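Okay, so here's the structure we're looking at.
The values are calculated or read from the model by the stated rules, or taken from the named source; none is laboratory data. All values derive from a computational prediction rather than experimental measurement. Note that each Cβ is placed from the backbone with ideal geometry, even for glycine, and that neighbours are counted across all protein chains shown. Please note that ligands, DNA and RNA were not included when accessible areas were found on the heavy atoms of the full protein model with its side chains. Shrake-Rupley method; radii C 1.70, N 1.55, O 1.52, S 1.80 Å.
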Amino acid sequence: MLIISPDPVELQQAVIASGGQMIGPEVARFGFFAIASDAAFAASMLGHGAWFVVDGRQIAALCGIRV
């Protein structure tokens, strides 16, 4: 999932608390990638202040990749 938020560094704690895991070596200015198996993960991130949570398959589709 791509998680966009005003303070992605602070939201990293919420990812772990919500059962998710960070992906990648970097956190960008307004976002980062994470994975989680819990269907409620996206709602949890929004509850912690994320602006958007986008399924990674949608991001890959923008690049012409099917997952």
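Of the numbered criteria (1) part of a loop (DSSP other than H, G, I, E, B); (2) open to solvent by 40 Å² or more (accessible area, probe 1.4 Å), the one residue 10 fails is (1). Residue 19 meets each of the listed conditions (1) of a type outside the set (Val, Ile, Thr); (2) open to solvent by less than 100 Å² (accessible area, probe 1.4 Å); (3) without any contact (Cβ under 8 Å) to a residue 12 or more places away in the chain apart from (3). Residues in the stretch 29-55 that are within 17 Å of residue 19 (Cβ to Cβ), touching a residue at least 40 places away in the same chain (Cβ under 8 Å) and loosely packed, with under 15 Cβ neighbours inside 10 Å: 55 only.
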